[in-house]
1. Out of residues 5 or more away from Leu9 or on other chains, whose amide H comes under 5 Å of its own, with H placed 1.01 Å from N in the peptide plane?
2. Just to check I understand the Karplus step: with θ = phi - 60° and J = 6.51 cos²θ - 1.76 cosθ + 1.60, what whole-Hz values come out for region 103-109, glycine and proline as x?
3. Which one of Ala92, Ala34, Ala15 has the biggest mean-square fluctuation once the chain is modelled by GNM with Cα springs under 10 Å?
4. Could you sort Arg93, Arg70 by their accessible area in this structure, using a 1.4 Å probe and putting the largest first?
5. How about region 14-113: which GluC sites (Glu not before Pro) there lie in a loop by DSSP and see at most 11 other Cβ atoms within 10 Å?
6. What's the magnitude of the charge dipole for region 1-44 around its Cα centre, counting Lys and Arg as +1 and Asp and Glu as -1 at the beta-carbon? Answer in Debye, nearest 20.
7. Lysines within cross-link reach of Lys77: Cα-Cα under 18 Å, excluding same-chain residues under 8 positions apart?
8. Once all Cα-Cα distances of the chain are split into 10 Å bins that start at 0, what whole-number percent is in each one?
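The values are calculated or read from the model by the stated rules, or taken from the named source; none is laboratory data. Note that the structure is predicted; figures quoted are calculated from it, not measured. Note: ideal-geometry Cβ built from the backbone for every residue, glycine included; neighbour counts use all protein chains shown. Side chains included, ligands, DNA and RNA excluded: accessible areas come from the protein's heavy atoms. Shrake-Rupley method; radii C 1.70, N 1.55, O 1.52, S 1.80 Å.
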Amino acid sequence: GIMSKKRLLVIDDDAPIFHLITAIGESCGLVVQATSVPKEFLEILETDAPDIVVLDLVMPKFDGIEVLQRMKDQQIKSKLMLISGAEEDLLARASKLAEAWGLNVLAAYRKPLDPTEIVASFKEALAS
C-alpha cells in the first residue's frame with residue numbers, strides 16, 4: 001500500500017520559527033501539526049505520537065524538561081529536535097538528559113535557526 005506520510009508536531013510560541021519549521025516540514029513531505037498551546041501539544045503527543053517532535057525548550061508557562069520527562073514516562077519514541085534561544089548549556093543539558101532517559105534525540109539547535117540544518121535533520125529522520 002501507499003506509505004502513510006510521516007507526521008511532525010511543533011510547539012513554539014515564536015511565530016517566525018513556528019512558520020519556518022512548518023514550511024520546512026511541509027517541503028520535506030511531512031504532515032505538520034503546529035501549536036503554541038502546551039495543553040494541545042501534550043494531548044497530541046500523548047494520544048497520537050508523531051514521527052518527529054520539534055520542541056522549543058524555553059517558553060512562558062511551559063517547561064521543556066518537564067515535557068521530556070513525560071515523553072520518558074510514556075515511552076514516546078518520536079524523534080526529537082530541541083531548539084532554544086537561551087544559553088547554550090541549557091540545550092546541551094536538555095539533550096544529555098533526553099538521551100540518558102532513552103529518548104530519540106535527532107538534533108539540538110540554537111536560535112537563530114539555520115534552515116539548511118533543519119532540512120538536513122528532517123531528511124535524516126525520514127530516511128531512517
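1. When sequence neighbours closer than 5 places are left aside, the close amide H contacts are Gln33, Ile52, Val53, Val54.
2. 7, 9, 7, 7, 6, 9, 10
3. Looking only at Ala92, Ala34, Ala15, the largest GNM fluctuation is found for Ala15.
4. Arg93, Arg70
5. When the GluC sites (Glu not before Pro) of region 14-113 are filtered for loop state and at most 11 Cβ neighbours within 10 Å, Glu87 remain.
6. Dipole size: approximately 300 debye.
7. In chain and number order, the partners are Lys5, Lys6, Lys96, Lys123.
8. Answer for the chain: a P(r) of 13, 50, 34, 3, 0 percent.
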